[in-house]
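Structure first, commentary second.
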Amino acid sequence: MKNTVTEFNSILSPLERDILKVIWPNKKMRVRAIYDKLKSRRKLALSSVAVLLDRLHERSVVGRQIENGRGGIRYIYYPKSDRKAFEKSIVETAVNKLIKHFGSTAVSYFDERFARRK
C-alpha cells in the first residue's frame, strides 16, 4: 500500500490531493464549496482551486456539469471514481509501464515477490 500512496503523491500536487480528499466524500461540489472547505486549512485563492479542478478535469480525474445561475454559469465537479478505484488505476498504470519497459524481468519479479508472501 505504501507504493500506492507514493505513486498517488507523485502524480498529484499537494493541493490536488487536498481537493480530491474534499470532493470524494461529498460527491458533487461547486468550486466555491471546495474552496470554502480548503481555505481554513491553507492560504489559497479561489482561482487556484478553479484552475486545478480544470486540470483534474482535463486529466479525467474529475468530471463536471454546467449549472446556470445568477451571474452566469458555474461548474459542479464530481469524482470520476472513488478513491479505491483511483488508486487501483494508478497501480495498474505503474505495473503496465514496468512490464512494457522490462518485459519478462518485471513479470518474473512479480512472480517471485508474490510467491514469498504465501
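Where a number appears in this text, it was derived from the coordinates with a stated rule and is not lab data. A quick note: this is a predicted structure, and the numbers were derived from the prediction, not measured. With ideal geometry, Cβ positions are generated from the backbone for all residues, glycine too; neighbour counts draw on all protein chains shown.
Descriptive notes on the structure:
- Choice from Val107, Val61, Val91 showing the highest fluctuation, given a GNM over the chain with Cα pairs closer than 10 Å: Val107
- Diffusion constant of region 2-117 at 20 °C, which comes from Stokes-Einstein with the Kirkwood Cα-pair radius and 1.002 mPa s, µm²/s: 133
- Region 47-77 residues near the modelled Ser13 label - backbone nitrogen below 17 Å, point 7 Å along Cα→Cβ: 47-62
- Approximate spin-label separation Thr105-Ser47, in nm, with each point projected 7 Å along Cα-to-Cβ: 4.8
- C-alpha long axis of helix 104-117 to longest principal axis of the chain, angle in °: 90
- Computed from Cα positions, the angle between helix 83-102 and the longest principal axis of the chain comes to roughly 40 degrees.
- Around the Cα centre of the chain, unit charges on the Cβ atoms of Lys, Arg, Asp and Glu (plus for the first two, minus for the last two) sum to a dipole of about 440 debye.
- Annotated for region 2-117: lysine pairs at least 8 residues apart or interchain, Cα distance under 21 Å, count 24.
- Label-to-label distance, nm, for residues given as Arg70 and Asn26 (7 Å Cα→Cβ offset): 2.0
- Acute angle (nearest 10 degrees) that the helix 2-11 long axis makes with the longest principal axis of the chain, alpha-carbon atoms: 50
- FRET efficiency, 1/(1 + (r/R0)^6) with R0 30 Å, evaluated for His57 and Ala94 via beta carbons: 0.85
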